[in-house]
Amino acid sequence: MKCVVNKIRAWKRLERHCKKMKKIEMRKLFDDDNERAKKFSLQLDNMLFDYSKNRITEKTMKYLLELAKVRGLEEKIKEMFRGDKINFTEHRAVLHTALRNCSNTPVYVDGENVMIKINEVLAKMRKFSEAVRFGEFKGYTGKKLTNIVNIGIGGSDLGPVMAVEALKKYRAKDINNYFISNIDGTACAEVLNKIDPETTLFIVASKTFTTIETLTNAKTCRKWLIDALGEHAVAKHFVALSTNTEKVKEFGINPENMFEFWDFVGGRYSMWSAIGLSIAIAIGMDNFEKMLEGAHAMDLHFLNTDFAHNIPVILGLIGIWNNNFFGLRSNAVVPYDQYLRYLPAYLQQLEMESNGKFVSKENEFVKYNTGTVVFGGPGTDVQHSFFQMLHQGTTPIPVDFIIPAISHNEVGSHHQILVANVLAQGEALMRGKTVKEAASELAKAGKSKEEVNFLKKYKSFPGNNPSNTFVVKKIDPYTFGMLVAMYEHKVFVQGVIWDINSFDQFGVELGKEMATAILPELQGDAFGITHDSSTASLIRYIKRLRK
Ligand code: F6P
């Protein structure tokens, strides 16, 4: 019998419960229960997860946990960790958890303990990153390599970009990291303008080694290097991170200069693998391994903790509650830490590429919403951009607030002001301000009766906007690893509830195919394809402008 998620009893019960919860104000729940924050928060190491500012009661959590149970989440988590081929459309295991399995317990795929090759690559990464950092692996002309350029896109870019920035304080002072991802020639040109070929190491990062953006950028950089230093310099200035040895050879990079990973590592889950080489060079392998340890701690927590106290499980379920029952399709991620400013972009790929799916495991088109629109940016900056809509828009937008108690830059009272802001935003979004309260404030401020009546609605806030708050001690490699792994597992939990495959990405193919077909039309006079009239006229117009 096929299981249709939104028809099961646990789902229907949540629908009924939600109807009642829609009438309840969060501020009332807080006013009625002094213990609410304590009841609805969890802790792992120094990370506190407060989810009390959601439209939930103990009953809600009971019903959500029941949903997780009947969806078989416990068994699904075990399947992932033990290397079952849960990526069922591509028949692959999903083992980013093995990449950071610091306990080194064996993990088998097709009878092979993959920890052996994972540890070999980690050792190779240590040797190479240290040789670069200490100037033992030099450029062709004997100079130290101080410009590290990662060429990759999507999962082969977003993790390293985010981590190198998040852990900037741990970076070697004489190493400069650059990232080229976009096919837009500007991305390449802007980096190449800044660097010196003699001191540059290009890291070509591509799981498949067939991605047009990465290969085109890598070819341009290769030509730039050869024009300056000659063909023989390539071996000293280019390394590859890939699962595809043949394609790496074809490109002209010696497989000895290749750091391998495997098809059981999804692109957007690959930061912990060889794809992290630019991170390791930037912050050192010891710190890279601390990041793995933090992620491993979250993995063990996810695997071994009962669901009621399991941070990624609760986070995922709260997301389901907001999305599928309250109809809130988006989620703002707002780290109050400048160094975490690339986290929202990273989570955008992680969540939207993983769970933006419309066919279930049962091979049916789903009849409920999947995926969440993720966006965000660093606080307090974004308080001055999209927060107006959070406070007075017509649809609530759930928010994840992230704040370290201690900043890496304790300058004057900056951090206290930052903390005051994050706490104020969460409270304001939850509590809001009624029309009556707004009127009384206006009257107290000496406004006339007419002004009070005119302004009171404009000055009111609906409140009742859900948010989660994460407090950590400091953004260090370990904590950062924990945080990212937590979001990975949140995505997993939601994929299980929605009965979809969170580990393929066929949705990116159609646009790629069509771009390949349009390219010759832009480059020459070929008109092989019948386009809709809009696309056809756009092609003609652009060609005319470029003439
Ligand atoms: O956008 C699709 C995608 O396949 C992502 O999943 C992946 O992270 C990115 O392209 C880059 O792929 P590759 O590492 O194979 O170049």
Residue pairs, Cβ under 8 Å, 6 or more apart or interchain, first in region 196-221 and closer than 19 Å to LEU145 by Cα and without any contact (Cβ under 8 Å) to a residue 40 or more places away in the chain, second of a type outside the set (A, V, I, L, M, F, W, C) and within 15 Å of the ligand (Cβ to nearest atom). List them. none
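Examine region 156-169 for a residue that is of a type in the set (D, E, K, R), crowded, with 16+ Cβ neighbours inside 10 Å and either within 16 Å of the ligand (Cβ to nearest atom) or under 23 Å from the mean Cα position of the chain (by Cα) (or both), and state whether such a residue exists.
The first filter runs over region 156-169 and keeps only residues of a type in the set (D, E, K, R), leaving 157, 165, 168-169.
Next cut, crowded, with 16+ Cβ neighbours inside 10 Å only: 157, 165.
Those left that are additionally either within 16 Å of the ligand (Cβ to nearest atom) or under 23 Å from the mean Cα position of the chain (by Cα) (or both): 157, 165.
Yes.
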Considering only region 127-143, how many residues are more than 16 Å from ILE175 (Cβ to Cβ) and touching a residue at least 24 places away in the same chain (Cβ under 8 Å)? 2
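Does HIS489 satisfy the criteria of being free of Cβ contacts under 8 Å to residues at least 24 places away in the same chain and crowded, with 19+ Cβ neighbours inside 10 Å?
Numbers: free of Cβ contacts under 8 Å to residues at least 24 places away in the same chain: no; crowded, with 19+ Cβ neighbours inside 10 Å: yes.
Criteria not met by HIS489.
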Hey, any hits in region 497-511 for a residue that's of a type outside the set (Phe, Trp, Tyr), surrounded by 10 or more Cβ atoms within 10 Å (Cβ to Cβ) and at pLDDT below 90? no
If MET61 meets every condition in (1) in a helix (DSSP H, G or I); (2) open to solvent by 20 Å² or more (accessible area, probe 1.4 Å) apart from one, which number is that one? (2)
Report yes if some residue within region 140-154 is under 29 Å from ALA282 (Cβ atoms), open to solvent by 10 Å² or more (accessible area, probe 1.4 Å) and within 16 Å of the ligand (Cβ to nearest atom); otherwise report no. yes
Enumeration of residues in region 204-244 that are away from the ligand (no atom under 12 Å from the Cβ), outside any helix (DSSP H, G or I) and not small (Gly, Ala, Ser): PHE238, VAL239
Checking GLU289, GLU256, GLU293, GLU250 in turn, the sole residue that is open to solvent by 30 Å² or more (accessible area, probe 1.4 Å), within 16 Å of the ligand (Cβ to nearest atom) and of a type in the set (D, E, K, R) turns out to be GLU250
Selection within region 177-203 - within 15 Å of the ligand (Cβ to nearest atom) and of a type in the set (S, T, N, Q): SER181, ASN182
Only one of (1) part of a loop (DSSP other than H, G, I, E, B); (2) more than 16 Å from the ligand (Cβ to nearest atom); (3) open to solvent by 60 Å² or more (accessible area, probe 1.4 Å); (4) of a type in the set (A, V, I, L, M, F, W, C) does not apply to ILE116, and that is (1)
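If only one of ALA68, ALA98 is within 21 Å of TRP262 (Cβ to Cβ) and buried (at least 19 other Cβ atoms within 10 Å of the Cβ), which one is it?
Numbers: ALA68 fails: within 21 Å of TRP262 (Cβ to Cβ).
Among ALA68, ALA98, only ALA98 is within 21 Å of TRP262 (Cβ to Cβ) and buried (at least 19 other Cβ atoms within 10 Å of the Cβ).
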Pairs needed: first member in region 259-287, farther than 15 Å from LYS124 by Cβ; second member anywhere, part of a loop (DSSP other than H, G, I, E, B) and within 14 Å of the ligand (Cβ to nearest atom); C-beta distance under 6 Å; at least 6 residues apart or different chains. ASP263/THR243; VAL265/SER273; GLY266/PHE503; GLY267/LYS207
Output yes when any residue across region 71-89 is more than 21 Å from VAL496 (Cβ to Cβ) and open to solvent by 10 Å² or more (accessible area, probe 1.4 Å), and no when none is. no
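The values are calculated or read from the model by the stated rules, or taken from the named source; none is laboratory data. Since we're looking at a predicted model, the values are computed, not measured. We place every Cβ from the backbone using ideal geometry, glycine too, and count neighbours over all the protein chains shown. To get the accessible areas, we keep the full protein, side chains included, count just its heavy atoms, and leave off ligands, DNA and RNA. Shrake-Rupley method; radii C 1.70, N 1.55, O 1.52, S 1.80 Å.
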